[in-house]
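Accompanying notes for the structure given below.
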Amino acid sequence: MADLTAGLNPMQKQAVLRTEGPLLLLAGAGSGKTRVLTHRIAYLIEQGIKPYNIMAITFTNKAAKEMKERVEKITPYGKDVWVSTFHSSCVRILRRDIERLGYTSQFTIYDSDDSEKLIKDILKALNINDKNFPAKMVMSGISNQKNELVSASAFKEKAGDDFKLKVISDVYTEYQKRLKQNNALDFDDLIFKTVQLFAQNPDILDKYREKFLYIMVDEYQDTNTCQYTLIRQLSSKYRNICVVGDDDQSIYGWRGANIRNILDFEKDFKNACVIKLEQNYRSTKNILDAANAVIKNNFSRKEKELWTDNEKGGLIKYSRNESDIEEAMFICSQIKNAVDNGKEYKDFAVLYRNNAMSRIIEDRFVKSSVPYRLLGGVSFYSRKEIKDIMCYLKVLYNPSDDVALKRIINVPKRGIGDATVGKADEFAVQKGISLFEALENAGDIDELKNRSKKLLDFVSLISHLKEAAFELNISDLLEEVIEKTNYRGELEKENTEEALGRIENLNELVSKAVEFENTAEKADLPSFLEEVALVADIDNYSEDDNTVVLMTLHSSKGLEFPTVFIAGFEEGIFPSYRSIIDPSPVAVEEERRLCYVGITRAKKQLYITCAKSRIQHGNYISNAPSRFLKELPAEFIEDMSIGAVKKVKDISPVQPKEKYTPNKRGGFLGYSKMPVPKNVTLDFEVGDNVRQIKYGEGVVKAIVPAGADFEVTVDFKGVGEKKFMAMLSKNTLKKI
């Protein structure tokens, strides 16, 4: 026991030793929560708890891998602890028992591209205009329902007479039907179906309750309703549930995370113990004081304040530049000067609110020969050639996967056109069979007889590769698929730089398979497919590469860097326009939490930059500095703007507890004067009658400049006031 608590601070020690009953660890940024969790697991084992009775859930494969490695270093029994992500845990459970829900254990997992393709097919089949109902919008709507544990049938009732919701409901119903026909699950289904499995099969739930006597959940503030329900199901018998999180870092509300899960923990789990981990081991005093000053402006939070024994550190450096190009030049010059003075490129990270902002910074880095990595771009497994070969593996494992089959049936080209595939698909739907089964019977189907040879040749190829899949390891199977399909040969014929790059990517895929074979507990085909399906971009991040890292603020959570730049610190960008025009304070509060996350990524030095003008949507716009700048105490900031004669306090008075209230112009105090957008034409004005596709007829009450667009307020009969961005709504909001 002495060894396991040695070196821990008093609150960390309490967290390790408190093993029984519900426990909430409010772990501030950089407070050593992973150390606490790993030592707590080791302490449980020391107290006689069997390792396989302990479950630890994280949100990323990277975090799970790190936790498992650290547990194994502390105790030799750590390898038997169930350390996994939510999704990976659910896959393991479903592989064993999903037959109870009418699927087979050989189900495949659809990524977002697969889901989007299926949604597009359904929109076409149901004659739904994809201009009014874009596939991504419909996908998001379905995902939101699943995160809230709303089934397709329940959503149909919920939709009522609302036209838009009824359309999404129809697609949702057909989407789930086709997923089941394809023996496939999407990401949301992995957790949704596990909750459903437990709810409908008490015997299975009880088996896992008896298995997981002690449960720990990291990043609890990021859980959605579905994940919350899963944890409640598993922990309800013995109540030995420890959740770790920080409500101040809850930044994923837009994808379903419910901050109330952590805020209401003591209500949900009676007699819960709450321990606050507030000592920060990462950042300087100045950085932490700045972060505390910003986050105190939120009202939906648990009271806590980070502190540190670290040095005071340098001031936060602020630079307002004339343009976005000059902003990128400033960032680049600061990095190059630091490297010239002994720093390394890997010491720096540039964070921004949205991916579009990376382009100008990338351009400047390229021109200045600054090596960088972009996290959040096209991931390795999303590249065409990798997706193609992985779809071959999916079909070998699950021939019912029509989405994967349609992708590869004519890749490389083998003379099987869309019309032929369409006829085969129609026949499969009519007969209630899979597309692959239809292809196997092509010679007996009148509509396919003319193309039956090519279709049967393809079936023969798949059959050969299926046999190989039983005999070969993953890397050799990949080589067999690449060679037998002539995929590499077709690329070699092209002999272009792009084709050669794709061949290198295929070689890298084989190398990754070899690595998988050497490290995985179970190196079989379904495990490899799961590994690829559940990988996240951040999982491939390595601290060892000597390059500057460019990523969004959302992607940066959980990481740390000696020096951090937060770019685009402007109203309308950070916080976003969408959050500003939201009538409730919830949206801006989440943006403020995102700001807090960004600030606390920095260990030694923080830069905040913005521009007086930048190009957005093809137009030059001018944004005011972010309201979050106003919340940073002046004594922590050094103004590095060219020609700056004033300190930040002259433009940003310290008002740490100021409550922002909307003014009549739709902006916020101190930021109501926005420049008039250029190149935006309106066919209506204040007082005009307009019609909107969803809300019907209304009267325009206000038109307010909002960066590159106008914010339009309309009062609808029987509905009330609604706000729209003019350019975004030009097809749905018309003058009568």
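The values are calculated or read from the model by the stated rules, or taken from the named source; none is laboratory data. If you're wondering where the values come from, they're calculated on a predicted model, not measured in any experiment. In this analysis, Cβ positions are derived from the backbone assuming ideal geometry, glycine residues included, and neighbour counts consider all displayed protein chains. Note: accessible area is taken over every heavy atom of the protein model, side chains too, but ligands, DNA and RNA are not part of it. Shrake-Rupley method; radii C 1.70, N 1.55, O 1.52, S 1.80 Å.
When the residues of region 18-47 are filtered to those that are in contact with a helix residue (DSSP H, G or I) (Cβ under 9 Å, 6 or more places away or on another chain) and open to solvent by 60 Å² or more (accessible area, probe 1.4 Å), which remaining residue is farthest from Ile74 (Cα to Cα)?
Checking each candidate, the answer is Arg18.
Let me confirm something: among Leu632, Leu606, Leu594, Leu550, which residue is open to solvent by less than 10 Å² (accessible area, probe 1.4 Å), of a type in the set (A, V, I, L, M, F, W, C) and in a loop (DSSP other than H, G, I, E, B)?
Sole residue among the options that is open to solvent by less than 10 Å² (accessible area, probe 1.4 Å), of a type in the set (A, V, I, L, M, F, W, C) and in a loop (DSSP other than H, G, I, E, B): Leu632.
Would a scan of region 382-391 turn up a residue that is at pLDDT below 90 and either crowded, with 22+ Cβ neighbours inside 10 Å or not β-branched (Val, Ile, Thr) (or both)?
Yes, because at least one residue in region 382-391 is at pLDDT below 90 and either crowded, with 22+ Cβ neighbours inside 10 Å or not β-branched (Val, Ile, Thr) (or both).
Report yes if some residue within region 135-151 is under 24 Å from the mean Cα position of the chain (by Cα), within 26 Å of Gln233 (Cα to Cα) and β-branched (Val, Ile, Thr); otherwise report no.
Yes, region 135-151 has at least one match.
Asp206 - would you say it is assigned to a helix (DSSP H, G or I) and open to solvent by 10 Å² or more (accessible area, probe 1.4 Å)?
yes
Just give me the residues in region 347-358 being of a type outside the set (D, E, K, R) and crowded, with 17+ Cβ neighbours inside 10 Å, in sequence order.
Scanning region 347-358 gives Phe348, Ala349, Val350, Leu351, Tyr352, Met357, Ser358.
Specify which of the listed residues (Glu483, Glu497, Glu521) is loosely packed, with under 14 Cβ neighbours inside 10 Å, free of Cβ contacts under 8 Å to residues at least 60 places away in the same chain and touching a Gly at 6+ places or on another chain (Cβ under 9 Å).
Exactly one residue qualifies, and that residue is Glu483.
In region 567-586, what residues are open to solvent by less than 40 Å² (accessible area, probe 1.4 Å) and in contact (Cβ under 8 Å) with a residue 24 or more places away in the chain?
Ala567, Gly568, Phe569, Glu570, Glu571, Gly572, Ile573, Phe574, Pro575, Ser576, Ile580, Ile581
Please pick out the residue among Leu234, Leu230 that is surrounded by 16 or more Cβ atoms within 10 Å (Cβ to Cβ) and more than 24 Å from the chain's Cα centre (by Cα).
Of the residues listed, the single one that is surrounded by 16 or more Cβ atoms within 10 Å (Cβ to Cβ) and more than 24 Å from the chain's Cα centre (by Cα) is Leu234.
Between a first residue in region 18-32 that is free of Cβ contacts under 8 Å to residues at least 60 places away in the same chain and a second residue that is charged (D, E, K, R) and open to solvent by 10 Å² or more (accessible area, probe 1.4 Å), which pairs have beta carbons less than 9 Å apart while being 6 or more apart in sequence or on different chains?
none
Could you tell me how many of the residues in region 559-584 are in a loop (DSSP other than H, G, I, E, B) and among the aliphatic types (A, V, I, L, M)?
2
Would it be correct to say that Val532 is at pLDDT below 90 and either open to solvent by 30 Å² or more (accessible area, probe 1.4 Å) or within 22 Å of the chain's Cα centre (by Cα) (or both)?
Criteria met by Val532.
Among what's in region 295-346 and is in a helix (DSSP H, G or I) and polar (S, T, N, Q), pick the residue that is most open to solvent (accessible area, probe 1.4 Å).
The residue in question is Asn337.
Consider Ile736 against the criteria (1) exposed (fewer than 14 other Cβ atoms within 10 Å of the Cβ); (2) modelled with pLDDT of 75 or more; (3) closer than 20 Å to Tyr620 by Cβ; (4) of a type in the set (A, V, I, L, M, F, W, C): it satisfies all of them except one. Which criterion is unmet?
Of (1) exposed (fewer than 14 other Cβ atoms within 10 Å of the Cβ); (2) modelled with pLDDT of 75 or more; (3) closer than 20 Å to Tyr620 by Cβ; (4) of a type in the set (A, V, I, L, M, F, W, C), only one is false for Ile736: (3).
Could you pull out the residue among Ser463, Ser400, Ser369 that is assigned to a helix (DSSP H, G or I) and hydroxyl-bearing (Ser, Thr, Tyr)?
One residue alone meets the criteria, Ser463.
Residues in region 121-133 that are assigned to a helix (DSSP H, G or I) and loosely packed, with under 12 Cβ neighbours inside 10 Å: how many?
Within region 121-133, residues that are assigned to a helix (DSSP H, G or I) and loosely packed, with under 12 Cβ neighbours inside 10 Å number 1.
With the requirement that a residue be closer than 30 Å to Ile503 by Cβ and either touching a Phe, Trp or Tyr at 6+ places or on another chain (Cβ under 7 Å) or open to solvent by 70 Å² or more (accessible area, probe 1.4 Å) (or both), what does region 412-438 give you?
Passing the criteria: Pro412, Lys413, Arg414, Ile416, Asp418.
Tell me the residue from Ser511, Ser475, Ser527 that is more than 26 Å from Asp418 (Cβ to Cβ), free of Cβ contacts under 8 Å to residues at least 60 places away in the same chain, open to solvent by less than 20 Å² (accessible area, probe 1.4 Å) and of a type in the set (S, T, N, Q), please.
Residue meeting the stated conditions: Ser475.
Tell me, which residue of region 84-96 that is open to solvent by 20 Å² or more (accessible area, probe 1.4 Å) and within 18 Å of Lys207 (Cα to Cα) is farthest from the chain's Cα centre (by Cα)?
Arg96
Might you check whether a residue that is within 23 Å of Thr713 (Cβ to Cβ) and under 22 Å from the mean Cα position of the chain (by Cα) occurs anywhere in region 591-610?
yes
Checking the conditions here, which among Ile566, Ile642, Ile621 is within 29 Å of Lys343 (Cβ to Cβ), out of contact with any Asp or Glu (no Cβ under 8 Å at 6 or more places or on another chain) and not acidic (Asp, Glu)?
Step by step, each of Ile566, Ile642, Ile621 is checked, and only Ile566 is within 29 Å of Lys343 (Cβ to Cβ), out of contact with any Asp or Glu (no Cβ under 8 Å at 6 or more places or on another chain) and not acidic (Asp, Glu).
Taking the stated definitions as given, is Thr194 surrounded by 24 or more Cβ atoms within 10 Å (Cβ to Cβ), at pLDDT 95 or above and closer than 27 Å to Leu25 by Cα?
yes
Could you count how many residues in region 684-715 are part of a loop (DSSP other than H, G, I, E, B) and more than 35 Å from the chain's Cα centre (by Cα)?
The number of residues fulfilling the criteria is 5.
Given the conditions (1) surrounded by fewer than 18 Cβ atoms within 10 Å (Cβ to Cβ); (2) touching a residue at least 60 places away in the same chain (Cβ under 8 Å); (3) more than 21 Å from Ala272 (Cα to Cα), report the number of the one that Asn61 does not fulfil.
Here Asn61 clears every test but (1).
Report the residue count in region 82-120 for those that are among the polar types (S, T, N, Q) and in a strand (DSSP E or B).
Final tally of qualifying residues: 3.
Please specify each residue of region 209-248 satisfying the condition of being part of a strand (DSSP E or B) and among the hydroxyl-bearing types (Ser, Thr, Tyr).
Of everything in region 209-248, just one residue is part of a strand (DSSP E or B) and among the hydroxyl-bearing types (Ser, Thr, Tyr), namely Tyr214.
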